[in-house]
Amino acid sequence: MLIPLSLLCSTGLFYISFILLVIYPDSRDIHIAKFGLWGAGLVLEVMAHLIARTPNQLRTHGSITSRIGTLVTIILGEVGVY
């Protein structure tokens, strides 16, 4: 629950910086604040991923082989090698 909430908050920070740049395109202070908002959003996302507990192992091992096989087939088919 922590990671989706942090993504929502950081997306809001990115949109706020965009809206401020649209409203005040020539303001030097807004351009400086833009980097602060971007940095806050990035720090928020990184901290949420560091704090949240992630599983150490895959839930099921049987499905991963078929998924990787399908992915390799698609990639080689796109390149024209397969």
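Structure values in brief
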quantity	calculated
Net charge, L13 excluded, C-beta distance under 13 Å - Lys, Arg +1, Asp, Glu -1	0
Label-point separation, D29 to M47 (7 Å along Cα→Cβ), nm	2.5 nm
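Values in this text are rule-based calculations from the coordinates and carry no lab data. Computed from a predicted structure; not experimentally measured. Cβ sites come from the backbone with ideal geometry, for glycine too, and all protein chains shown count toward neighbours.
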